[in-house]
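Chemist: The structure is given below, and queries will be raised subsequently.
The values are calculated or read from the model by the stated rules, or taken from the named source; none is laboratory data. Just so it is clear, the model here is predicted, and its values are computed rather than measured. Cβ coordinates were reconstructed from backbone atoms using ideal geometry, including for glycine residues, and neighbour counts include every protein chain displayed.
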């Protein structure tokens with residue numbers, strides 16, 4: 001067809017459509033790109049499942065997240081990532097934790113829960129009760145998200161929380177940093 005031109009009549013106006021070949025080529029390229037992307041997603045998902053089955057949890061996590069980056073609504077990848085989250089303990093080690101710990105005085109101790117690392121210079125019993133509240137809050141947040149149809153990604157590492165025993169110490173720290 002090459003550069004064939006077609007005339008269309010619409011209401012009281014005529015239109016000339018030129019370049020069907022270009023339109024067909026662009027459409028074909030788009031379809032090929034979609035097919036290649038879908039194949040890549042499926043290959044990555046298969047690799048994630050194999051990594052999870054063989055106990056390579058960090059690799060499986062990375063691959064499932066890659067699928068979700070390419071296709072945010074991919075249910076199988078999301079479910080696989082959630083299963084990984086249920087089966088493993090989150091790491092305390094993160095850039096945020098290291099940077100925060102380095103800024104705090106040595107009087108701060110570390111208290112860990114399943115999803116949080118709490119740095120505090122307060123009474124240990126009070127710190128523990130606050131950490132339990134953080135866990136309950138996270139649980140309620142996840143329940144609410146599920147109820148309204150949102151799918152927040154599981155955490156990659158523990159969240160960092162800092163509790164100060166004295167308000168003045170907190171204000172001084174906040175002004176400095």
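Yes or no, residue by residue, for (1) assigned by TED's automatic domain parsing to the domain that holds residue 74; (2) assigned to a loop (DSSP other than H, G, I, E, B); (3) touching a helix residue (DSSP H, G or I) at 6+ places or on another chain (Cβ under 8 Å):
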{"residue": "114", "(1), (2), (3)": "no, yes, yes"}
{"residue": "126", "(1), (2), (3)": "no, no, no"}
{"residue": "138", "(1), (2), (3)": "no, no, no"}
{"residue": "141", "(1), (2), (3)": "no, no, no"}
{"residue": "144", "(1), (2), (3)": "no, no, no"}
{"residue": "151", "(1), (2), (3)": "no, yes, yes"}
{"residue": "156", "(1), (2), (3)": "no, yes, yes"}
{"residue": "165", "(1), (2), (3)": "no, yes, no"}
{"residue": "171", "(1), (2), (3)": "no, no, no"}
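Chemist: For region 72-86, how many residues are without any contact (Cβ under 8 Å) to a residue 24 or more places away in the chain and within 16 Å of residue 58 (Cβ to Cβ)?
Modeler: 1
Chemist: Something else about it: Exactly one condition in (1) in contact (Cβ under 8 Å) with a residue 60 or more places away in the chain; (2) closer than 24 Å to residue 177 by Cβ is not met by residue 102; state its number.
Modeler: Every listed condition holds for residue 102 apart from (1).
Chemist: Then there is this: Does region 66-96 hold any residues that are touching a helix residue (DSSP H, G or I) at 6+ places or on another chain (Cβ under 7 Å) and part of a loop (DSSP other than H, G, I, E, B), and which are they? Explain how you work it out, then say what you get.
Modeler: Pass one, region 66-96, residues touching a helix residue (DSSP H, G or I) at 6+ places or on another chain (Cβ under 7 Å): 66-68, 70-71, 74, 76-78, 80-81, 84, 88.
Listed by number, the residues that qualify are 71, 74, 88.
Chemist: Hey, another quick one. Let me confirm something: among 63, 134, which residue is within 30 Å of residue 42 (Cβ to Cβ) and not in a strand (DSSP E or B)?
Modeler: On the way: 134 fails: within 30 Å of residue 42 (Cβ to Cβ).
It is 63.
Chemist: Looking at residue 118, is it farther than 30 Å from residue 48 by Cα, in contact with a helix residue (DSSP H, G or I) (Cβ under 6 Å, 6 or more places away or on another chain) and not assigned by TED's automatic domain parsing to the domain that holds residue 61?
Modeler: Values: farther than 30 Å from residue 48 by Cα: yes; in contact with a helix residue (DSSP H, G or I) (Cβ under 6 Å, 6 or more places away or on another chain): yes; not assigned by TED's automatic domain parsing to the domain that holds residue 61: yes.
Against the criterion (farther than 30 Å from residue 48 by Cα, in contact with a helix residue (DSSP H, G or I) (Cβ under 6 Å, 6 or more places away or on another chain) and not assigned by TED's automatic domain parsing to the domain that holds residue 61), residue 118 qualifies.
Here is a yes/no grid of residues against (1) at pLDDT 95 or above; (2) surrounded by 15 or more Cβ atoms within 10 Å (Cβ to Cβ); (3) farther than 23 Å from residue 95 by Cα:
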site: 119; (1), (2), (3): yes, yes, no
site: 134; (1), (2), (3): yes, yes, no
site: 137; (1), (2), (3): yes, no, yes
site: 146; (1), (2), (3): no, no, yes
site: 152; (1), (2), (3): no, no, no
site: 156; (1), (2), (3): no, no, no
site: 177; (1), (2), (3): no, no, no
